[in-house]
Structures are given as structure tokens and as C-alpha cells.
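Data block below; observations after.
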Amino acid sequence: DWFHDPLGAMSRGYCMYLFITLGAVRLGRHGVLIILLMTFGQAMVGAVRHTGFFATDIAETGLMNLWFYTIILSVVGMASAVLLRQRDAAELALRTTIDKLKSTNSELEQFAYVASHDLREPLRMISSYIALLDRRYGARLDADGHEYIAFARDGAQRLDRMVLDLLEFSRVGRFGDP
């Protein structure tokens, strides 16, 4: 067997890295500590009874390899748990930021709607009075007077279009391209 021959009985202990990773993913640091204690306890009981992964190794080298194995397993497990916790915290912060951004965008959209409505009302009144002036006094005005009324009407229409475009622009991100 290519896995056990070069590495000896110690190689079977490497399967514990899978359990440590699972413990880090599912239970965090506490899960890693529980699995470490279980592994160490199993190794010690196995050494006393001369069974298990570390029985022959402990008989030949003492507890040195078990200690190294436990330290490496601890570092891998704790690092995995810390990295996963940091990733979860970053994901939570990102979700919180996205929710705040959605809320702010909604408020800005409401503001743009109210502001555009409030701005358009005076423009409608200006346009109405310009049309009224043109109807009532148009016959009395000279060419310059008609030109001034045309400028005012055109300016009010352009400003109304700008307000509508601003409102449409505020909705682009939510509803897609205009």
C-alpha cells in the first residue's frame, strides 16, 4: 500500500485533518478543541493498550511525535477556524453594507421623486402664465416681446425635461436602463 508503507502507522493519523477541518467548519474553535482532545485521548489510551495509530510510534520515540502531531493538528485546526470566522464576519459585514446601501438608494429615490414633483409644479405654473400672457397680450407685443415669451417657454420646457431626466436617472439602477 503506497500510503502506509513509506509513512508507516503514523499516516493513518493524517485522516484526523479531515475531522479537524470539519470541526473548524461546523463548530469553530470549540469544535477543533474537542476533536483535538478526543484525538489526543485516543492516542494516549492506544499507547497504554498498545493499539491505535501511535502505539508503535510511542513505544519507539516516546511522546515526541505525538506532541508534534498534536501541535501541527492544533495549528491547522485553529487557523482554519479563525479564517472561517473572519470570512463569516466579512460576509456579514458585506450583507449589512448591501442592506444599508439598498435602504439609502430607496430613500434617495423617494427624495428624487418628491423633489422632482415639487420642482415641476412651479414650472407648470410658469408655463401656464407664459401661455396666458401670450394669449392675452400677444397681439400687443412686438417681435422682441414674442421672442422673450418663446425664450421663457423654451426655458421652462427644458428645465421640466431636466427634472424628468433626473428622476429617470435616479431609477436607472433599480429598474434597468431607461
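The values are calculated or read from the model by the stated rules, or taken from the named source; none is laboratory data. Keep in mind the model is a prediction, meaning the values are calculated, not measured. Here the Cβ positions follow ideal geometry from the backbone for every residue, glycine too, while neighbour counts run over all protein chains shown. Ligands, DNA and RNA are stripped out before the accessible areas are found, and what is left, the full protein with its side chains, is counted by its heavy atoms. Shrake-Rupley method; radii C 1.70, N 1.55, O 1.52, S 1.80 Å.
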Considering every residue within region 142-155, establish whether at least one is at pLDDT below 90 and aliphatic (A, V, I, L, M). no
Residues satisfying the stated conditions in region 109-144, i.e. surrounded by fewer than 13 Cβ atoms within 10 Å (Cβ to Cβ) and under 53 Å from the mean Cα position of the chain (by Cα): GLN110, PHE111, VAL114, HIS117, ASP118, GLU121, PRO122, ARG124, MET125, SER128, TYR129
If LEU108 meets every condition in (1) in contact (Cβ under 8 Å) with a residue 40 or more places away in the chain; (2) of a type outside the set (S, T, N, Q); (3) touching a His at 6+ places or on another chain (Cβ under 8 Å) apart from one, which number is that one? (3)
On the basis of being over 30 Å from LEU27 (Cβ atoms) and either open to solvent by 60 Å² or more (accessible area, probe 1.4 Å) or out of contact with any Cys (no Cβ under 9 Å at 6 or more places or on another chain) (or both), does ARG158 make the cut? yes
Region 67-80 residues that are farther than 14 Å from MET38 by Cβ, paired with ones that are open to solvent by 90 Å² or more (accessible area, probe 1.4 Å) (beta carbon under 7 Å, 6 or more apart): MET78/ARG29
Considering only region 9-16, I want to know if a residue exists there that is in a helix (DSSP H, G or I), at pLDDT 70 or above and of a type in the set (D, E, K, R). no
Can you tell me which condition LEU84 does not meet? The list is (1) open to solvent by 100 Å² or more (accessible area, probe 1.4 Å); (2) modelled with pLDDT under 85; (3) closer than 30 Å to VAL25 by Cα; (4) among the aliphatic types (A, V, I, L, M), and all the others hold. (1)
Does any residue of region 58-78 turn out to be modelled with pLDDT of 75 or more and acidic (Asp, Glu)? no
